[in-house]
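All remarks here apply to the structure that follows.
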Amino acid sequence: MLTFLYKLLLLFVEFFKTGLFAVGGGLATVPFIRDMGATYGWITEFELANIIAIAESTPGPIGVNTATYVGYLVCGIPGAILATLGLVTPSVIIIILVAKAIRKYSDSYLVRSLFRALRPAAIGLITAAGFSLLLTSLGVSANFTRFTFSANWYSLLKFGIYGVFTFFAFWKKTAKIHPLFFILAGGAIGAILSL
Amino acid sequence: MSLRKLYLMFLKIGSLMIGGGYSMLPLLIRELVERHKIITEDELTDYMAVAQCTPGVIAINTATFVGYKVRRVLGAIVASLGVITVPMILIALIAAVLKPLMEYEIVAHIFAGIRLAVCALITASVFKLYKKTVTNVTTFALFLLAFLFVTVGGISPVFVVLGAAIIGLAWGGLKKC
């Protein structure tokens with residue numbers, strides 16, 4: 001019983017640390033979790049790869065999914081809950097503080113000019129993230145720093161499907177359809193064509 | 001907006017986002033900007049910018065921001081709990097019983113198709129934000145530089161956000177004096 005409680009506490013603390021130091025979203029948590037595996041023997045390298053694959057293809061933030069999975073493996077349902085809360089708590093505290101500060105100074109000239117430059121850069125970053133997500137989804141692996149590129153015929157088919165979906169997402173008559181229907185249609189097409 | 005409604009809205013977003021932080025963007029635009037008009041596109045872009053360079057999961061950071069804007073601290077907590085509820089239950093189920101199901105080939109095919117649809121939705125959403133923000137040469141230069149630094153340069157988004165913030169501050173300061 002005591003070791004169980006100790007493990008729960010340890011899960012919370014370890015994932016709290018991860019949430020505090022992993023900057024850049026879900027996948028940034030991976031090195032921390034690998035480290036936990038090495039220190040406490042909670043997960044093997046092979047399990048970690050499986051967890052990431054599952055976390056990426058199920059709904060929800062990848063970091064949250066991974067924390068829930070590891071927590072469950074270590075301590076069942078209580079572990080899943082505490083690991084996830086540990087991961088989320090630093091985010092919530094930090095963002096509340098930042099939001100407070102922004103609210104307080106939102107009329108200040110400097111904050112406004114800060115965001116004027118930040119906004120286009122943020123869109124550049126989102127575009128880059130979307131671009132790399134697209135490459136992964138197409139089954140293309142490309143490294144722009146080393147100029148390597150590889151793809152297969154399926155990538156071309158997938159690109160065609162992506163093109164059709166993009167057309168519907170832009171076309172005025174279909175753009176207002178709820179994202180859920182795009183997701184359902186994507187799943188159906190994936191099953192039919194064995195993507 | 002009531003706390004209950006806020007929770008349910010983020011519950012919906014959390015259960016529909018597949019593929020990590022950015023897959024919530026089309027849902028956020030649809031639900032928060034267009035349907036409920038809680039925040040503007042500009043505010044959403046600001047939130048995403050800060051969410052990327054602060055520690056933690058991007059989706060949680062964004063949810064906390066929106067929740068705070070609607071109902072302060074309580075709203076921030078409720079929105080974040082909304083995002084994690086369904087994924088947590090689902091993952092615990094998978095870890096407990098459904099693991100063999102994930103190994104069926106058809107499941108992989110379904111998710112491969114879903115990802116393509118999600119990418120198309122993200123493309124349209126990013127274009128919406130782009131059209132609104134990138135309106136002249138300066139903003140286009142900032143957009144392009146940020147994109148290239150991350151994709152070709154392999155530089156962490158954290159430094160790109162910090163760099164852009166410094167440029168904005170310096171620019172504003174220079175203009176004033």
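Data overview
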| item | result |
| --- | --- |
| Scope the range B:57-106; condition at the interface with chain A (Cβ under 9 Å from one of its Cβ atoms) and either in contact with a His (Cβ under 9 Å, 6 or more places away or on another chain) or charged (D, E, K, R) (or both); matching residues | B:69, B:72, B:99, B:105 |
| Top-ranked residue in the range A:105-121 [being facing chain B (nearest Cβ under 7 Å) and surrounded by fewer than 18 Cβ atoms within 10 Å (Cβ to Cβ); ranked as farthest from residue B:173 (Cα to Cα)] | A:109 |
| Only one of A:135, A:97, A:157 that is more than 8 Å from every other protein chain (Cβ to nearest Cβ), touching a residue at least 24 places away in the same chain (Cβ under 8 Å) and part of a helix (DSSP H, G or I) | A:157 |
| Of residues in the range B:1-38 being among the β-branched types (Val, Ile, Thr) and within 12 Å of another protein chain (Cβ to nearest Cβ), the one surrounded by the most Cβ atoms within 10 Å (Cβ to Cβ) | B:13 |
| Tabulated pairs, the range B:80-93, first more than 18 Å from residue A:70 (Cβ to Cβ), second of a type in the set (Ser, Thr, Tyr), C-beta under 9 angstrom, 6+ apart or interchain | B:80/A:91; B:80/B:64; B:81/B:7; B:82/B:7; B:83/B:62; B:85/B:7; B:85/B:15; B:86/B:15 |
| Of all residues in the range A:141-184 being at pLDDT 85 or above and of a type in the set (S, T, N, Q), the one that is nearest to residue B:111 (Cα to Cα) | A:155 |
| Matching residues in the range A:19-60 - criterion: being in contact with a Ser or Thr (Cβ under 9 Å, 6 or more places away or on another chain) and of a type in the set (Ser, Thr, Tyr) | A:29 |
| Condition met for residue B:15 (closer than 17 Å to residue A:180 by Cβ, more than 12 Å from the chain's Cα centre (by Cα), hydroxyl-bearing (Ser, Thr, Tyr) and in the same structural domain as residue B:121 (by TED's automatic domain parsing)) | yes |
| Selected residue [closer than 22 Å to residue A:53 by Cβ, in contact with a helix residue (DSSP H, G or I) (Cβ under 9 Å, 6 or more places away or on another chain), facing another protein chain (nearest Cβ under 7 Å) and in a helix (DSSP H, G or I)] from A:130, A:124 | A:130 |
| Unique match (being away from chain B (no Cβ under 11 Å) and either buried (at least 18 other Cβ atoms within 10 Å of the Cβ) or not polar (S, T, N, Q) (or both)) among A:7, A:17 | A:7 |
| Flag if residue B:144 is modelled with pLDDT of 90 or more, closer than 30 Å to residue A:76 by Cα and either within 7 Å of chain A (Cβ to nearest Cβ) or buried (at least 24 other Cβ atoms within 10 Å of the Cβ) (or both) | no |
| Selection count where residues are free of Cβ contacts under 8 Å to residues at least 24 places away in the same chain and of a type outside the set (Val, Ile, Thr), scope the range B:52-79 | 7 |
| Evaluation of residue B:62 against (1) in contact with a helix residue (DSSP H, G or I) (Cβ under 7 Å, 6 or more places away or on another chain); (2) surrounded by fewer than 21 Cβ atoms within 10 Å (Cβ to Cβ); (3) not aliphatic (A, V, I, L, M) (one fails), failing number | (2) |
| Helices (runs of 4 or more DSSP H) within the range B:1-84 that include 3 or more residues farther than 30 Å from residue B:113 by Cα | B:3-16, B:41-53 |
| Single residue of B:135, B:123 found to be modelled with pLDDT of 85 or more and surrounded by 15 or more Cβ atoms within 10 Å (Cβ to Cβ) | B:123 |
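The values are calculated or read from the model by the stated rules, or taken from the named source; none is laboratory data. Model, not experiment: these values are computed from the prediction. When we count neighbours, we look across all protein chains shown, and the Cβ atoms used for this are built from the backbone with ideal geometry, even at glycine.
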